[in-house]
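First up is the structure itself, then whatever we jot down about it.
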Amino acid sequence: MAADLLVAGGEVIDEVGRRRADVLVSEGAIKAVGERIEAPRGTRRLDAGGCFVTPGLVDLHTHLRQPGMEEAETVETGARAAALGGYTAVVAMPNTDPPIDSAGVAREVMGLGVGAACEVHPAGAITVGRRGEQLAPLAELAALGVRLFTDDGTGVQDARLMRRALEYASALGVTLAQHCEDADLAAGGHVHEGEWSSRLGLPGVPAEAEEVMVARDLALARLTGGRLHLLHLSTAGSVALVRAAKAEGSGVTAEAAPHHFTLTAELVRSYDPVFKVNPPLRTPADVAAVRAGLADGTLDAVATDHAPHLREAKEAPFDEAPPGMLGLETALPLTLRELRLPPRDALALLSWRPARIAGLADHGKPVLPGRPANLCVVDPRAKWVVSSEHLASRSRNTPYAGRSLTGRVRHTVLHGEPVVIDGEAQR
Ligand SMILES: [Zn+2]
């Protein structure tokens, strides 16, 4: 049984508002919230002075690499990185080896997540082997509790198959999450197609490779009534398409990754593959559009697209290196500071909005008595310098190495248990 815990002296920020309050936790749940709570003798105290106390963060887009690529990350190490980043739940992407396209592999990942430093919820593949040819057993996976389906890494190219998948998903009450990329338009590209691809002589991916699939899937969602979530949107055109769809009443949801609102295509002039990512880093105008989309609610969530890769793989020449960046340990400070939003609006993008999209009832809810105690305690003023050697991820490919960030997770509480105390992982 979990010992009683008092999170003392912080400012609670959640969907209902902001207030100075202590939070008393007992047996995995919030027992009391109020000013100066007298805790029973023997209660463990976590100091939250100067900190925000918020519902735990939820990442809609984490690559944990297990099964199959355990040298790059495991469920255990990825979950630890997540907890250190303030997350109490992550959605594990199914592009593992083998992919999560069957109940057996989904059960395996769920099993690996038991006892991890955060909850791990596998997403299922939309198609068998993520090959885009034949639907995966969505009903069987949904029966296990899988709520998000995606072929992430690639988009479903066949519009007729995507239509059927959306119809099926609608009947099952689950959501399809699309990696929007037209494979023919993107073929052979390694960076954003524009000024820097021409100056550096690197083959580019046009913004339109993303936008044509965004437009197509918005149309298919309208046709079928299926629930659609758009992963890692990166272009001004994509943001405009989603904004227009929502203005017409579409129930679509969409996310953006921190690297798409903090970094631009110019960084690839170093030819350092740490800046290679899919979708690629875009122009300053795209960055501004993604920021505006997050600010006005066009984009619903910040998701990390945490994508660990072996050092050797990321030391290959730019055109041979795999795309992807670490993100779990840096997303919260980047979102709190760089978007210049009120803290509650920034936290909505990281906690309660993604929790709702993922269908996770135990996360993101207001900090009130009776709720499961999944909490993030972050010091918004703490400064730290990102060091790739000191991240909990098994991989090192952070594009923020050496960068000074403001805002650091102090404690993370998972079902009443402190899994991070004073910035140190406890699991
Ligand atoms: Zn993707």
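What percentage of all Cα-Cα pairs in the stretch 333-423 are separated by more than 19 Å? Numbers along the way, then the final one.
Values: 2101 of 4095 pairs.
That fraction is 51 percent.
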Point to revise | For the stretch 152-163, Karplus couplings with θ = phi - 60° (6.51, -1.76, 1.60), whole Hz, Gly/Pro x | key: 2, x, 9, x, 6, 7, 7, 5, 5, 5, 5, 4
Review point. Using unit Cβ charges (K, R positive; D, E negative) and no other charged atoms, how large, in debye to the nearest 20, is the dipole of the stretch 221-354 about its Cα centre?
Key: 440
Practice item. Read phi for every residue in the stretch 179-187 and hand back ³J(HN,Hα) as whole Hz from Karplus 6.51 cos²θ - 1.76 cosθ + 1.60, θ = phi - 60°, with x for Gly and Pro. Key: 8, 7, 7, 6, 5, 5, 5, 8, 3
Point to revise | Per-bin percent of Cα-Cα distances, the stretch 21-129 [10 Å] | key: 14, 36, 24, 17, 9, 1
Check your understanding: If you average over every viewing direction, what projected area does the convex hull of the Cα atoms of the stretch 258-326 give, in nm²?
Key -> 4.5
Check your understanding: Once you list every other residue whose beta carbon is under 13 Å from the beta carbon of VAL12, what net charge do they have if Lys and Arg are +1 and Asp and Glu are -1?
Key -> +1
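Helix-only estimate, please: 222 nm mean residue ellipticity of the chain, summing -39500 (n - 2.57) across DSSP H runs of length 4 or more and dividing by its residues, to the nearest 500.
Details: 14 runs with 125 residues, N = 427.
After summing the helix terms and dividing by residue count, I get -8000 deg cm²/dmol.
Taking the Cβ of GLU195 as the centre, find all other residues whose Cβ is under 12 Å away and add up their charges (Lys, Arg: +1; Asp, Glu: -1).
On the way: positive: ARG199, ARG269, ARG282; negative: GLU193, GLU266.
That sum, taken over residues with Cβ under 12 Å, equals +1.
Summing +1 for each Lys or Arg and -1 for each Asp or Glu, what net charge is found among the other residues whose Cβ lies under 12 Å from the Cβ of GLY86? Walk me through the numbers on the way to the answer.
Working: positive: ARG408, ARG410; negative: ASP59, GLU329, ASP379.
Neighbourhood net charge equals -1.
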Study note, to complete from the structure: With x for Gly and Pro, the residue-by-residue ³J(HN,Hα) of the stretch 115-122, computed from phi through the Karplus equation 6.51 cos²θ - 1.76 cosθ + 1.60 at θ = phi - 60° and given in whole Hz, is x, 6, 6, 8, 6, 10, 10, x
Review point. To the nearest 20 debye, what is the magnitude of the charge dipole of the chain about its Cα centre, counting +1 on the Cβ of each Lys and Arg and -1 on the Cβ of each Asp and Glu?
Key: 1220
Review point. Toward the positive end of the charge dipole of the chain, about the Cα centre and with charges on Cβ (Lys, Arg +1; Asp, Glu -1), which of SER270, HIS259, VAL58 goes farthest?
Key: VAL58
Exercise for review: Using Cα positions and a limit of under 25 Å, work out the lysines in reach of LYS365, with same-chain residues fewer than 8 apart set aside.
Suggested key: LYS31, LYS246
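I'd like the antiparallel share, as a percent to the nearest 5, of DSSP beta bridges with both residues in the chain. Don't skip to the end; give the middle numbers.
Values: 32 of 61 bridges.
The antiparallel proportion sits near 50 percent.
Any chance you could tell me what percent of the C-alpha pair distances in the stretch 181-281 go past 24 Å?
Values: 1328 of 5050 pairs.
Everything past 24 Å amounts to 26 percent.
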Point to revise | Share of alpha-carbon pairs per 5 Å distance bin for the stretch 76-128, given as whole % | key: 5, 23, 31, 20, 14, 7, 1
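Would you kindly calculate the translational diffusion coefficient of the stretch 107-253, applying Stokes-Einstein with the Kirkwood radius from alpha carbon pairs, for 10 °C and a viscosity of 1.306 mPa s, and quote it in µm² s⁻¹ without decimals?
Working: Rh = 16.3 Å.
Rounded to a whole number, D works out at 97 µm²/s.
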Practice item. Would you mind giving the three semi-axes, in whole Å and largest first, of the ellipsoid equivalent to the stretch 175-228 according to its Cα gyration tensor? Key: 29, 9, 8
Check your understanding: What is the ratio of the Cα radius of gyration of the chain to 2.2 N^0.38 Å, where N is its residue count, to two decimals?
Key -> 0.94
**Study point:** Sorted largest first, extent of the stretch 201-258 alpha carbons per principal axis (Å)
**Key:** 43, 23, 16
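Every number here is computed from the coordinates shown, using simple stated rules; none is lab data. As the structure is a prediction and not an experimental result, all values here were calculated from the model. No Cβ is skipped: glycine too gets one built from the backbone with ideal geometry, and neighbour counts run over all protein chains shown.
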